[in-house]
Amino acid sequence: MVAFKLTLNPAVLNQIGSDYAYRRVTDTCRRVLNRGIVLTPVDQGTLRAGNRMKVHRSALKEVGVVFNLIDYADAVHEGSAAYTIRPRPTQACAAEHI
C-alpha cells in the first residue's frame, strides 16, 4: 500500500485562480470591445474611436467593463425620440441684419 500526504496552500491556490480569472475576464472584455468596434456606426469615426475597456482586479474578484464616454454614445446605443433640429442664431448673423 502506498500512502500520500497532500498539503494545499490556500494563498497559492487563490493566486492561481485569480490569475486564471483575470485572463478570462480580460479575454472576454477584449472580444466584446472588438465586436463593439465593428458594430459601431461610423460617420466621422469619433464614436468608434471612443470605445474603451477596463479590467479591475481585487483580492476576491475580477470585473471587466466595456464603455464609451462620447456624449452621444448613449443616444446612439439606446436610440432617441425624433426631434427637430433648428440652428441657433449667432452674433455674426445678428450683425449682418443691422
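The values are calculated or read from the model by the stated rules, or taken from the named source; none is laboratory data. What you are looking at is a predicted structure, and each value in this text was computed from that prediction instead of being measured. So basically every Cβ, Gly included, is an ideal-geometry build from the backbone, and we count neighbours across all protein chains shown. What goes into the accessible areas is simple: the full protein's heavy atoms, side chains included, and nothing from ligands, DNA or RNA. Shrake-Rupley method; radii C 1.70, N 1.55, O 1.52, S 1.80 Å.
At-a-glance table
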item	result
Protection-proxy order for peptides 3-16, 48-61, each taking the mean of Cβ atoms within 10 Å per residue, highest first	48-61, 3-16
With Cα atoms, 0 to 90° folded angle of helix 10-39 axis to the chain main axis	30
From phi via Karplus (6.51, -1.76, 1.60), per-residue ³J(HN,Hα) for segment 75-84 in Hz, x at Gly/Pro	5, 5, 5, 8, x, 9, 5, 5, 8, 8
Portion, in percent, of the accessible area of the chain that falls on carbon or sulfur, probe 1.4 Å	59
